[in-house]
Amino acid sequence: MRLTGPHIGLLATAAIIALLPLTFPNSYYYDVAVSALFNAVLCVGLNLLIGYAGQISLGHAGFFALGAYVSGILTTRWNLPPLLALVVGAVLVGTLAFVLARPILRLKGHYLAMATLGIGIIIFIVLNTEAWLTGGPDGLTVNYLSVAGWTLKGDRNWYWLAGILLLTTVWLSLNLIDSAVGRALRAVHGSEVGAAVVGVDTGRYKVLVFVISAVFASVVGSLFAHRNGLITPGIGSFFHSVELVAMVVLGGMASTFGAVVGAVILSVLPHLLTSFEDYEAIILGMIMMSTMIFMPKGIVPTVLRLLRQRGGAS
Amino acid sequence: MFAEFLQYMLSGITVGSIYALAGLGFAIIYNASHVINFAQGEFIMIGGMASSVLVAAGLPLWAAVILAVLLTMLVGLALEIFAIAPARDADVVTIIIITIGASIFLRGVAQLVWGKSPRSLPAFSGEEPINLFGAALARQSLWVIGVSLLLILLLGWFFNRTLFGKAMLATSYNRLAAQLMGIGVNKVLTLSFGMSAVLGAVGGIIVTPITFTSYEAGIMLGLKGFSAAVLGGLGNGAGAVAGGLLVGIAEALGAGYISSAYKDAFAFVIILFVLFFMPNGLFGKRSTERV
Amino acid sequence: MSLLRVDGLSKAFGGINAVADLSFTINPGTIHSIIGPNGAGKTTLFNLITGVYHPSGGRIRFQDADVAGLPPYELARLGMSRTFQNLQIFFNMTAVENVMVGAHLHLNPRVLPSLLHLPVVKRRDRECRAKARELMEFVGCGAYLEADSASMPYGALKRLEIARALASRPKLLLLDEPAAGLNATESREIDEVIKRIAGQGVTVVLVEHDMKMVMGISDHILALDYGRKLAEGTPAEVRQNPDVISAYLGAGSA
């Protein structure tokens, strides 16, 4: 079998995930890496929606938070097994996304941005307000992830779980994009009417990708809840939704590896800036603006193009 | 019973005026450049913060107001020149990220320079409320409503009666044609940011005696302004004003009669319902796809 | 037995009739041209037939089904496809992928097998790609098999759209100004392509301004003016129709 770009990328990602822990001096590094990997999984899903199908969502943190809270509430209050809670969360969020998708995805551009933003904010406010269920602003304590009596503990184990999850996600995403379904999604981005006249039910594909990306967010939210032990409504805030979109756009829209790179950069950045805490927002804002001005296609596509040009010149 | 309703309406109209100004700010920029400026709320914040800081430093109110408006206008112009203009041909999502980046940046600077604690301004003409059929009307509310009305009328005159205003409208309809007619399109785009910044700043200043302000105050105000603009139909100035008042009143009534905890949610519930049934807002033009 | 039958079709935009009470039939296996001055309603008619616009009134029968108001993707399923006057290429995809989207209906794509890249999906994709390449050769843009669509010249993109439409295996193919913007040589080549398509049994409906091409390849011509039927018939009949001469060709060319 011929090795293509995506295969090389997948192997490289696997190698990096496998070898990176050798450079970690302490568990703090694992901690940061796990959050980066989780965000990467979420962004690969979000990129299917934003980058490939060309539909913006400024409310995806809401789906993430819903997944987290469903897991938290079902496991702590009703003593459901975590895996079952995770699946229930994914089904609930997927259903919600499915119901909302039809009317929302008729909207275009800024109207779609407004609607998704509104949904995210409403979810955030509900989580904040219904304290009897969610614990309100103080948050909710969530148990460890345990499966059949075995409990997942320690940053190292979480790291391997998140790493394998990311590799699987990237593989699935690459497969999907390089299939008739993926081409239909990209065609919706390229020209909706052009896709429709050759038989692509554009509405159905927009709903499909919205649901898929929402389920991704929900599953990552559930895992995040178990790992963090405490969840607060802030994880569903507008700012978090914006962060997620920024990760996708920064790394490169319509590039699965771009989503991964963007997620890793923006997840690690705050930890690098802890000594400049007062400047964190300023630096983040600067990075968002300057990347978009100088590399509007995002980091990975821009770098790939430069490499190809150099390769072509020599 | 009636007094209570009137009380909610008055506070709704007051807040709604600010949303209307913010919505107009969105509409002006959107018309000129088809950009949604997510930093619009920061203009409101900068106006409020700068004026409070200056008054606290001992400046008379009028001087603080002028300086705060000028400062915000400069920020608006700089935003267009340094961040928006270089990315003019980028797609919608890219520009959304730029303006959101700008809003995070401005918030960061405000926090660094002015600190995290909330600030306020003294009411412009006394704190003693006016009794109106049993409802208490804050004097500052009259300032808010009056100044907003004045600005809205002024803008209406500017766009319909002055040459430059008409040039701006022409640019929004057809940028290329406007350029061919000798309109300095780049100047129009830059100016639209300056004007929106001024609108935001004035709104921020007049509402600060009522609501307080802080480095974070711009987020929600900006999003409500965006809701107002979308509700009215993007690019429709009168629609944005109506949308702003609608959001303000719905919020006040909802908070009063239904639940104050969900105050911020009402605007978004309304906007979702409207968009479900009218994908181009209440007064937006229906567009037919040309293929 | 007609393939397409239009009966009393109307479309109004804000009180103005872009298409008014229009009736005609299209027989299978023919090349049918629609001519008329700018603004005569030709593209609107295309948009109505292919489901991009909803008609204000009238009926459209395709084969034996009443199809007025059906969305474009349903019509594609029934065997209708088209190209556009303003290109609707997927510029975010390669040329061959554009054509592969055209074969969407025949791949019967499902999500789970696609996610897992099951062997059956891979095999079908390989076949689809091969077919897409053949179609690109067939319409004459075989030089761009591996190209990014965004880097292709205008003339090649027009052909690419035809290949994409053909990939859906239509019975009825509507081409909106396939020769617009092309030079004389390219026009003649498109002319050949259209004849070859018709030769394979596909019924072609054409909107075109290039009169030489229209008169040369059409079996039947429908002339429109202000959304109404001006004349209909064989090229020879339409050419001699006095209404057509005065309204469309102008006094000077008569």
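Considered as a group, the residues in region A:132-148 that are within 14 Å of another protein chain (Cβ to nearest Cβ) and touching a Pro at 6+ places or on another chain (Cβ under 8 Å) include one that is nearest to A:S222 (Cα to Cα), and that residue is A:T134.
Per-residue answers, yes or no, for (1) aliphatic (A, V, I, L, M); (2) under 21 Å from C:R169 (Cβ atoms); (3) assigned to a strand (DSSP E or B); (4) modelled with pLDDT of 90 or more:
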{"site": "C:T25", "(1), (2), (3), (4)": "no, no, yes, yes"}
{"site": "C:Y73", "(1), (2), (3), (4)": "no, yes, no, yes"}
{"site": "C:E97", "(1), (2), (3), (4)": "no, yes, no, yes"}
{"site": "C:P113", "(1), (2), (3), (4)": "no, no, no, yes"}
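This table checks each residue for (1) more than 14 Å from chain A (Cβ to nearest Cβ); (2) within 24 Å of B:G41 (Cα to Cα).
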| position | (1), (2) |
| --- | --- |
| B:F105 | no, yes |
| B:V109 | no, yes |
| B:W114 | no, yes |
| B:L121 | yes, yes |
| B:E127 | yes, no |
| B:L137 | yes, no |
| B:V144 | yes, yes |
| B:L149 | yes, yes |
| B:F164 | yes, no |
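For A:R204, the requirement of being within 14 Å of chain C (Cβ to nearest Cβ), in contact with a His (Cβ under 8 Å, 6 or more places away or on another chain) and either over 24 Å from A:V300 (Cβ atoms) or surrounded by 20 or more Cβ atoms within 10 Å (Cβ to Cβ) (or both) is not met.
Residue selection: B:T288 fails the criterion of being at pLDDT below 95 and away from every other protein chain (no Cβ under 14 Å).
Within region C:34-53, one or more residues are more than 30 Å from A:L48 (Cβ to Cβ) and surrounded by fewer than 16 Cβ atoms within 10 Å (Cβ to Cβ). Determine, yes or no, whether C:L87 is in contact with a strand residue (DSSP E or B) (Cβ under 9 Å, 6 or more places away or on another chain) and of a type in the set (A, V, I, L, M). Against the criterion (in contact with a strand residue (DSSP E or B) (Cβ under 9 Å, 6 or more places away or on another chain) and of a type in the set (A, V, I, L, M)), C:L87 does not qualify. Counting only residues that are in a helix (DSSP H, G or I), more than 14 Å from chain C (Cβ to nearest Cβ) and more than 20 Å from the chain's Cα centre (by Cα), region A:149-198 holds 3 of them.
Scanning region A:236-249 for residues that are surrounded by 22 or more Cβ atoms within 10 Å (Cβ to Cβ) and away from chain B (no Cβ under 12 Å) yields a count of 1. Looking only at region C:137-192, residues that are loosely packed, with under 15 Cβ neighbours inside 10 Å, closer than 19 Å to C:N92 by Cα and touching a Phe, Trp or Tyr at 6+ places or on another chain (Cβ under 8 Å) come to 1 in all. For region C:95-124, the candidate set comprises residues that are within 16 Å of C:A156 (Cα to Cα) and either surrounded by fewer than 19 Cβ atoms within 10 Å (Cβ to Cβ) or aliphatic (A, V, I, L, M) (or both); within that set, the residue that is farthest from the other protein chains (Cβ to nearest Cβ) is C:A95.
Going by the conditions given, is A:M253 assigned to a helix (DSSP H, G or I) and either touching a Leu at 6+ places or on another chain (Cβ under 8 Å) or within 11 Å of another protein chain (Cβ to nearest Cβ) (or both)?
Working: assigned to a helix (DSSP H, G or I): no; either touching a Leu at 6+ places or on another chain (Cβ under 8 Å) or within 11 Å of another protein chain (Cβ to nearest Cβ) (or both): yes.
Taking the combined requirement at face value, the residue does not satisfy it.
Scan region A:123-149 for residues that are surrounded by fewer than 20 Cβ atoms within 10 Å (Cβ to Cβ) and farther than 19 Å from B:F266 by Cβ and the total you get is 14. Taking the numbered list (1) part of a loop (DSSP other than H, G, I, E, B); (2) touching a Ser or Thr at 6+ places or on another chain (Cβ under 6 Å) in turn, C:S10 passes all entries but (1). For region C:54-64, the criterion of being at the interface with chain A (Cβ under 10 Å from one of its Cβ atoms) and either surrounded by fewer than 22 Cβ atoms within 10 Å (Cβ to Cβ) or free of Cβ contacts under 8 Å to residues at least 24 places away in the same chain (or both) is met by no residue.
Scanning region A:106-116 for residues that are more than 7 Å from every other protein chain (Cβ to nearest Cβ) and either in contact with a Pro (Cβ under 6 Å, 6 or more places away or on another chain) or buried (at least 24 other Cβ atoms within 10 Å of the Cβ) (or both) gives a single hit, A:T116. Filtering A:L284, A:L230 for residues that are over 12 Å from the mean Cα position of the chain (by Cα) and farther than 22 Å from B:A110 by Cα leaves a single hit, A:L230.
Give just the number: which of (1) surrounded by 19 or more Cβ atoms within 10 Å (Cβ to Cβ); (2) over 13 Å from the mean Cα position of the chain (by Cα) does B:F226 not satisfy? With (1) surrounded by 19 or more Cβ atoms within 10 Å (Cβ to Cβ); (2) over 13 Å from the mean Cα position of the chain (by Cα) applied to B:F226, the lone miss is (2).
Condition check ((1) closer than 25 Å to A:V170 by Cα; (2) at pLDDT below 90) across all residues:
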site	(1), (2)
A:H226	yes, no
A:V242	yes, no
A:V264	yes, no
A:V268	yes, no
A:L272	no, yes
A:A281	no, yes
A:G285	no, no
A:I299	yes, no
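Selection within region C:75-94: residues that are in a helix (DSSP H, G or I) and crowded, with 23+ Cβ neighbours inside 10 Å. The member of this set that is nearest to the other protein chains (Cβ to nearest Cβ) is C:A76. Where helices (runs of 4 or more DSSP H) fall entirely within region A:1-101, those with at least 1 residues that are at pLDDT 95 or above are at A:27-47, A:60-77.
Is it the case that some residue within region C:49-63 is over 21 Å from C:R228 (Cα atoms) and either among the charged types (D, E, K, R) or assigned to a loop (DSSP other than H, G, I, E, B) (or both)? Yes, that holds for at least one residue.
The values are calculated or read from the model by the stated rules, or taken from the named source; none is laboratory data. Fair warning: this is a prediction, and the values are worked out from it, not measured in the lab. Neighbour counts run over all protein chains shown; Cβ positions are idealised from the backbone, glycine included.
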